[in-house]
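A.B. asks: Please read through the structure below; I'll follow up with questions.
The values are calculated or read from the model by the stated rules, or taken from the named source; none is laboratory data. Predicted model only: the values in this text are computed from it and were never measured. Glycine gets a Cβ as well: all are built from the backbone with ideal geometry, and neighbour counts include every protein chain shown. Calculation scope for accessible area: heavy atoms of the full protein, side chains included, ligands and nucleic acids excluded. Shrake-Rupley method; radii C 1.70, N 1.55, O 1.52, S 1.80 Å.
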Amino acid sequence: MQEITQYLESNRDRYLDELFEFLRIPSVSTDPDRKDDVVRAAEFVADQLRLAGIDKVEIVPTDGHPIVYGEKIQDPSKPTALVYGHYDVQPVDPIELWESGPFEPTIRDGHLYARGSADDKGQVFIHFKSAEAYHKLGKPLPVNLKYLIEGEEEIGSPHLERFIRDRQADLKADTVMISDTAMFARGVPSICCGLRGLAYFQIDVQGPSGDLHSGSFGGPVGNPAFELARILAALKDDRGRVTVPGFYDDVRELTEQEQQEFASLPFDPEEFMKETGVKALNGEQGYTPLEQFWSRPTLEVNGLLSGFTGEGAKTVLPAKAMAKVSTRLVPDQDYRKIARQVSDYARSLAPDWVDVQVSYLHGGKPWVANLDHPALKAASRAVKRGFGKRPVFQREGGTIPIVATFDELLGVPTVLMGIGLPDENAHAPNERLLLEHFYAGIQSAAYFLEEFSEA
Ligand code: BES
Ligand code: MN
Ligand code: MN
């Protein structure tokens, strides 16, 4: 192992060069103009896998963006890890807030800045290098490896479930390894053992057939922006509870032990308020912030659009108003059931004179890990060796839609060994990755192969 460790250390500069190349590709999956760039990112991943000695590498086309699949069966009697990650990234707006270009990777103060540095290019990359080290040193892998790297995670993985169903036999594995989450804090490495689910909507309110002069028509003609605001306001009460009937029916309450575990983590509300720039914490009464993030469902407005939003003033009565709304879900909520409930309720709140359409865009299931699984314990030991500190167990408020599917379709438990940090601006301007974590992550990924082979 020492040879591997040393190899990983002495190749740091090359890793950084290669990651820079990956990060320069603007693989924004939601943007149709970036389709070719997304394909280029898939090709980069395939090249990385080949470089790592993975011998069956395919770029599988889908109706959307391609899936990269690879495998190296070292020894059928050894355990198999399936590495999942995504090479697509989120859009960059608001672009003017970036201190350096989102696709011009730049190092400042020990952080690597670029879109995708933390989510997920920089994280998935560590699992290319662990395998590569064995290959370059001519050592047999301690486990069998499969890779499933997709380009549509940030848009809800619309084609991945189909692929998993079609290739169920190929994907057989003993664990799914994912690095696509954040650690608890700098100096507090963690393994993530829970994710929230998601249901995402667009609400469109249509009033008059076209925009109108607000002076000539305002009054008798109502305003769709107002009606949308009323609908949105009615979706939550003043105690932070979602008002959609049935919304909480399937919510699993935390056990006392889970509550205690959450409470034992070092969360400082004052510090958190400073970090996020909010003057007070809101949310659902009766639950701590960590309980809310990790074990309570929420409903958020992600964006709003109506009428005139340019500079200066324009008197207009808008014809329509639109909101993007999402709910985060927890075990045992079902996103399809929630989608129906939200849609029915939002439409029921609308007055007769407007047309309200609620479109369900995508969803994902919530997930919690089995803490006793040997793969999770192996990852825990690997992180301890890579980061020099035993990891804590935590959950995440975010969603990786496919994780629950791995459970259901493959019956394979997932390990979330993320190396990001909560303040790394995923999905926001100035996304970054702490380089120290990147290097420790590469080491941990290599330790995992060894630990897992013995698990
Ligand atoms: N890597 C994130 C998931 C995540 C978010 C982990 C926050 C830890 C903390 C993933 O790429 C992501 O952004 N997921 C989306 C869901 C998707 C369907 C758009 C999310 O959580 O919003
Ligand atoms: Mn991600
Ligand atoms: Mn993301």
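A.B. asks: Send over a whole-number figure in Å² for the accessible area per residue of the stretch 214-328, probe 1.4 Å.
C.D. replies: In whole numbers, the stretch 214-328 has 61 Å² accessible per residue.
A.B. asks: Between L137 and D17, what FRET efficiency comes out of the Förster formula 1/(1 + (r/R0)^6) with R0 = 22 Å and r the beta carbon distance, rounded to 0.05?
C.D. replies: Efficiency computed from Cβ-Cβ geometry: 0.65.
A.B. asks: Heavy atoms only, probe 1.4 angstrom, no DNA, RNA or ligands counted: give me L235, L305 ranked by accessible area, highest first.
C.D. replies: L305, L235
A.B. asks: Which value in Å does the Kirkwood hydrodynamic radius of the chain take, with 1/r averaged over all unlike C-alpha pairs and then inverted?
C.D. replies: For the chain, inverting the mean 1/r across all distinct Cα pairs yields 23.4 Å.
A.B. asks: Size of the dipole of the stretch 32-147 about the Cα centre, Lys and Arg at +1 and Asp and Glu at -1 on the beta carbon, nothing else charged, in debye to 20?
C.D. replies: I would put it at about 700 debye.
A.B. asks: How large is the accessible surface per residue of the stretch 88-193, computed with a 1.4 Å probe and reported in Å² as a whole number?
C.D. replies: Averaged over the residues of the stretch 88-193, the accessible area is 33 Å².
A.B. asks: Oh, and also: Order the following by accessible area, largest value first: R340, R196, R50. Probe radius 1.4 Å; ligands, DNA and RNA are ignored.
C.D. replies: The residues order as R340, R50, R196, largest area first.
A.B. asks: So, one more: Give the carbon-plus-sulfur fraction of the accessible surface of the chain in %, rounded to a whole number; probe 1.4 Å, heavy atoms of protein chains only.
C.D. replies: 48
A.B. asks: Does anyone have the angle between helix 121-136 and the longest principal axis of the chain? Alpha-carbon axes, 0 to 90°, nearest 10?
C.D. replies: 10
A.B. asks: Then there's this: At 1.4 Å probe size, with no ligands or nucleic acids counted, give the accessible surface of W353 in Å², nearest ten.
C.D. replies: Its heavy atoms expose roughly 100 Å² to the probe.
A.B. asks: Sticking with this one: If the cut-off is a Cα-Cα distance under 12 Å, which aspartates and glutamates reach K337, setting aside same-chain residues fewer than 8 apart in sequence?
C.D. replies: Once the sequence-local aspartates and glutamates are set aside, what remains near K337 is D249, D250.
A.B. asks: Could you calculate the contour length gain from A313 to D33, that is, 0.36 nm times the residue separation minus the distance between their Cα atoms, to one decimal place in nm?
C.D. replies: Stretched out fully, the A313 to D33 stretch lengthens by 97.5 nm.
A.B. asks: Quick one: 3J(HN,Hα) in Hz for the stretch 2-19, Karplus 6.51/-1.76/1.60 with θ = phi - 60°, rounded, Gly and Pro as x.
C.D. replies: Taking θ as phi minus 60°, the curve returns 4, 4, 4, 4, 5, 4, 5, 6, 7, 9, 3, 5, 5, 4, 5, 4, 5, 5 Hz for the stretch 2-19.
A.B. asks: Determine which residues of the stretch 286-306 fall in the zone a paramagnetic label at F217 would reach in this model, i.e. backbone nitrogen under 17 Å from the point 7 Å along Cα→Cβ.
C.D. replies: Those under the cut-off are 306.
A.B. asks: Please compute the length gained on full extension between Q202 and R186, using 0.36 nm multiplied by the number of residues separating them and subtracting their Cα-Cα distance.
C.D. replies: 2.1 nm
A.B. asks: For the pair D166/S348, report the inter-label distance in nm, with labels modelled 7 Å from Cα in the Cβ direction.
C.D. replies: 4.1
A.B. asks: Considering only the chain, what is the antiparallel percent among its DSSP beta bridges, to the nearest 5?
C.D. replies: 70
A.B. asks: What Kirkwood radius, in Å to one decimal, follows from the Cα pairs of the stretch 258-303?
C.D. replies: 11.9
A.B. asks: Given K279/K384; K35/K314; K78/K136; K279/K377; K78/K389; K139/K365, which pairs have Cα atoms separated by over 31 Å?
C.D. replies: Among K279/K384; K35/K314; K78/K136; K279/K377; K78/K389; K139/K365, the Cα-Cα distance tops 31 Å for K279/K384; K35/K314; K279/K377; K139/K365.
A.B. asks: Could you calculate the FRET efficiency of R239 with M1 from 1/(1 + (r/R0)^6), where r is the beta carbon distance between them and R0 is 51 Å, rounded to 0.05?
C.D. replies: Working from the Cβ atoms, E equals 0.45.
A.B. asks: Let me ask something additional. Mind checking the per residue accessible area of the stretch 373-451 for me, 1.4 Å probe, whole number of Å²?
C.D. replies: Accessible area per residue, the stretch 373-451: 31 Å².
A.B. asks: Taking only Cα atoms, what is the 0 to 90° angle, nearest 10, from helix 335-348's long axis to the longest principal axis of the chain?
C.D. replies: Its long axis makes an angle of about 10 degrees.
A.B. asks: Still on this structure, please answer the following. Put a dot 7 Å past each Cα toward the Cβ at E300 and H427; how far apart are the dots in nm?
C.D. replies: Roughly 0.4 nm, to one decimal.
A.B. asks: Something else about it: Would you compute, for the Cα atoms of the stretch 294-350, the largest minus smallest coordinate along each principal axis and list the three values in descending order, in whole Å?
C.D. replies: Principal extents (Cα only, largest first): 48, 26, 13 Å.
A.B. asks: To the nearest 0.05, what FRET efficiency results for Q357 and Q260 with a Förster distance of 51 Å applied to their C-beta separation?
C.D. replies: FRET efficiency, Q357 to Q260: 0.70.
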